[in-house]
Each structure stands twice: as C-alpha cells, then as structure tokens.
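Q: The structure's right below; bear with me while I get my questions together.
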Amino acid sequence: MPIASVLDYLRGQLDGIPMPGGAPDMAAYVLPPDPNVETDIPTAYVWPVAFGEDRDDKKGGRSMPRNTGLNTFSGVKIMTHRPHIFIVWMGANDDDSFPGIVDFAMKRLRFLFPMPAVVTDPNDGTQSQINDVGEVQDGQIYVRALEDEGYNRYDAEIVVTVAEEISA
C-alpha cells in the first residue's frame, strides 16, 4: 500500500502555511520530533490510522481481474485513506487563536490544487494519483491547562479522506 506517499503529500502541504493571529507558520511532520511536549509553533503530525483497498466497483461486480503477480498490470484500484492530522499548540489561556489555526489547516486541505495530484512513494518510487483531498474532513478540539495556569495546550484531531488510484 502506498500509505507513505499520502502521508508525505499531506505533510508537505501543511508545512510552512501561514497562521492567523501572528502565530508562527505551521511545522508539519510524519514522525514527530522527540519529545516535543510543549511547542509555541503550531505543529501538525500526519499519521495513518484507517485505510482500505477494494477491487469491487460498487455495482455488484469486480472492476478488473485479480492481479497475477508483482510487476503485472490488471487495472486500477481505488484505495481510501483516512489519515489523522494532529495539531498541537501552546498558548496563553486567554488566546483565542487556536480555532483559527485549525481552520487554516482545514482550508489548506480543502483548496489543494492541482487535483488530482501525482504522488511518489518515498520507499519504492511507485507513483499513484490522489483525489478528493479535503472533500470530507471531521475533527475535534481539546484544551488542557498546563502547570503554569497562564498557558494552555491546545490539541486538534482532523480526519481527512483521501482517494488514491493505484495500478494493481
């Protein structure tokens, strides 16, 4: 599965986007820096949580015959990814910027262009095409007081649906 190509694409799209309210530009990672327990930079972590692959054409039949082996082609399959994007930021307890930070990340995903986009798996160089990034997004926001009660840790989790076409 080309999971890595989708994660790398999303990370690249979120890394460096401007933030509202004078906050620094967003930093995005697939593997977070360790330990990064407190950050005053809005930070996004992209991680695979749910994904699936289906040969069924959703009309009661199969869209193509089963592939007969490595490096053979029998058609195109659609994979559905539902990566989770975790956004972390520390701010003053009276700072209302975090919902805007989450909005900016979601807006970036909503208006990606060009779409479809060709992506390359960083592990084996296989290319595939992704579609519909940002068409479906779900999320939650959490806030927790830090030991210094003048600051809060703000966390958001955004689930994004991505369709990927692979040769199979």
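No lab work stands behind these numbers, since they all come straight from the coordinates. If you're wondering where the values come from, they're calculated on a predicted model, not measured in any experiment. Every residue, glycine among them, receives a Cβ derived from its backbone with ideal geometry; neighbour counts consider all protein chains shown.
Q: Please give the length that would be gained between residue 113 and residue 96 if that part of the chain were fully extended, namely 0.36 nm times their separation in residues minus their C-alpha to C-alpha distance (nm, one decimal).
A: That works out to 3.2 nm of additional length.
Q: Follow-up. With each pseudo-label sitting 7 Å past Cα toward Cβ, what's the residue 49-residue 124 distance in nm, one decimal?
A: 2.7 nm
Q: Same structure, new question: Kindly rank 77-85, 114-122 from highest to lowest mean number of other beta carbons found within 10 Å of each residue.
A: Averaged packing, sorted descending, gives the order 77-85, 114-122.
Q: Something else now. Just rank 144, 11, 110, fewest to most, by other beta-carbon atoms within 10 angstrom.
A: Sorted ascending by nearby Cβ count, the order is 144, 110, 11.
Q: If each residue's Cβ is checked for other Cβ atoms within 10 Å, how do 113, 86 rank with the fewest at the top?
A: Lowest count first: 113, 86.
Q: Kirkwood Rh, Cα Rg: Rg to Rh for region 99-143?
A: Taking Rh as the inverse mean 1/r over Cα pairs, Rg/Rh reads 1.11.
Q: Which residues in region 82-102 place their backbone N less than 15 Å from a point set 7 Å from the Cα of residue 155 along the Cα-to-Cβ direction?
A: Correct set: 84-91.
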